[in-house]
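A short reminder: the numbers here are calculations on the coordinates, not readings from a lab. The model shown is predicted, which means the values in this text are computed figures rather than measured ones. No Cβ is skipped: glycine too gets one built from the backbone with ideal geometry, and neighbour counts run over all protein chains shown.
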């Protein structure tokens, strides 16, 4: 069995500096544009089932709202363009509401409409 670490070299990845991770700026949410909080969800704007590979940072509440309001076919049509999603009245209303909340704010989102 191969060694996980070299016998003759420093184990640099074991001694990461936590200060560097904390100093890195938080990415902005793809949907609402606010800085992300502690938890960042990497969302596929084009669903993986539809061939999407790119990911974007989002708040968990923003991702759940998108999933609850759109089908995979609709998300595939919008692609990487968030402005198409923001044109929907329900999403526009949600973004206006969540803009006043803390980046780590979370609330349950109603289940997907059928």
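A few points about this structure:
- 17 Å cut-off, amide nitrogen to a point 7 angstrom out along residue 40 Cα→Cβ, residues in region 60-77: 60-63
- Once the C-beta distance of residue 105 and residue 73 is scaled by a Förster radius of 25 Å, the resulting FRET efficiency is 0.25 to the nearest 0.05.
- Rg and Dmax of region 28-98, both derived from C-alpha coordinates alone, stand at 11.2, 32 Å.
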